[in-house]
Amino acid sequence: MIEKILTKLDRLLHFERARAHCDIPCGIYDPHLSQLAALTVIRMVDLMAELSGMEKKENIEYHNSMSRYVAIKEEHAELCKREVRVIWGDYIKQEHLDKYPELAGLVHKIMQLGSKSRQTASRETALELLKAVNRFAEIYWETKNIPTKRVKAPYKPGEEVVYPVL
Amino acid sequence: MILFKLLKVTGSSLEPEFKEGDFVGISGIPFLFHPPQTGDVIVFRKPPYGTMIKTIARVEPGQKEIEVWGTHKDSVDSRSFGPISFDSVIGKVIWRIHNRR
């Protein structure tokens with residue numbers, strides 16, 4: 001009876017939540033999403049350059065396409081940062097930091113390049129972002145004793161990506 | 001100080017005593033009579049998690065610090081974020097309604 005009243009009251013007043021928080025470590029980490037996101041940023045920069053080379057610019061189609069490219073670039077640069085942050089925060093341990101002294105600087109660089117990729121439409125910056133997340137991926141797989149290879153992505157922009165050899 | 005406040009529990013770290021969806025009534029009045037002590041179920045603020053509910057596992061004597069634990073092995077509590085301060089405690093659970101849904 002009282003629980004029904006409280007449930008109804010909660011719907012009305014929305015009581016504050018007290019979190020009995022559990023964090024179930026899933027152990028599923030893969031830097032691939034951050035690499036895909038970096039590739040997407042490069043692709044968007046290319047599409048933006050292509051579009052701005054067109055003659056007719058003052059039409060609605062132009063603005064629509066440009067806005068979409070910019071929005072996707074924003075989203076994926078942020079996604080790239082997020083994916084790296086999750087591995088950094090939840091997977092990387094002190095022993096990894098000891099073994100790879102470059103790691104902290106590398107992650108910081110990825111954060112900065114991710115932001116710069118949003119602020120600018122620079123292909124060079126986007127390429128640097130990919131290079132940094134590739135190195136991050138290499139280190140990640142190495143901590144799991146899984147060898148890696150560098151291959152050109154089989155889709156545009158066709159840049160080199162680090163893959164695990166499973 | 002909070003006289004009385006109703007909250008709803010989310011998460012499962014205090015099962016089986018407190019389950020997701022249970023309601024709890026908390027108050028700061030009990031602390032006027034005795035400070036927080038081991039075994040008390042308390043609600044406190046812990047950034048970045050927000051408002052949390054846990055059981056007091058230990059009170060650091062003289063240091064104004066409290067260790068809070070959940071009952072579940074994956075509980076996020078003082079074992080991961082360290083002790084909390086007396087000041088962050090909002091109230092003690094003095095009433096609980098199980099939600100049988």
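None of the figures in this text is laboratory data; all of them are computed from the coordinates on show. These numbers were taken from a predicted model, which means no experiment stands behind them.
Would you list the membrane-span-like helices of chain A, meaning whole DSSP H runs whose alpha-carbon atoms span at least 18 Å along their axis and whose mean Kyte-Doolittle value is at least 0.0?
Membrane-span-like by this criterion, though nothing is claimed about a membrane: A:32-52.
Quick one, can you get me the convex hull of the C-alpha atoms of the range A:1-88 expressed as volume per residue in Å³?
So the per-residue Cα hull volume is 177 Å³.
The convex hull of the Cα atoms of chain A, projected and averaged over all directions, covers 15.7 nm². A helix-only calculation puts chain A at -22000 deg cm²/dmol for mean residue ellipticity at 222 nm, using -39500 (n - 2.57) for each DSSP H run of at least four residues, averaged over all residues. Between A:Glu159 and A:Ala153, the built amide H atoms are under 5 Å apart, and every one of these is 5 or more places off in sequence or on another chain. Mean separation of Cα pairs under 8 Å and 6 or more residues apart, divided by the residue count, gives chain A a relative contact order of 25 percent. According to the Kirkwood relation over distinct C-alpha pairs, the hydrodynamic radius of the range B:5-97 is 13.2 Å.
Full extension of the chain between A:Ser115 and A:Asp98 yields a length gain of 3.4 nm, computed as 0.36 nm times the residue separation minus the alpha carbon distance.
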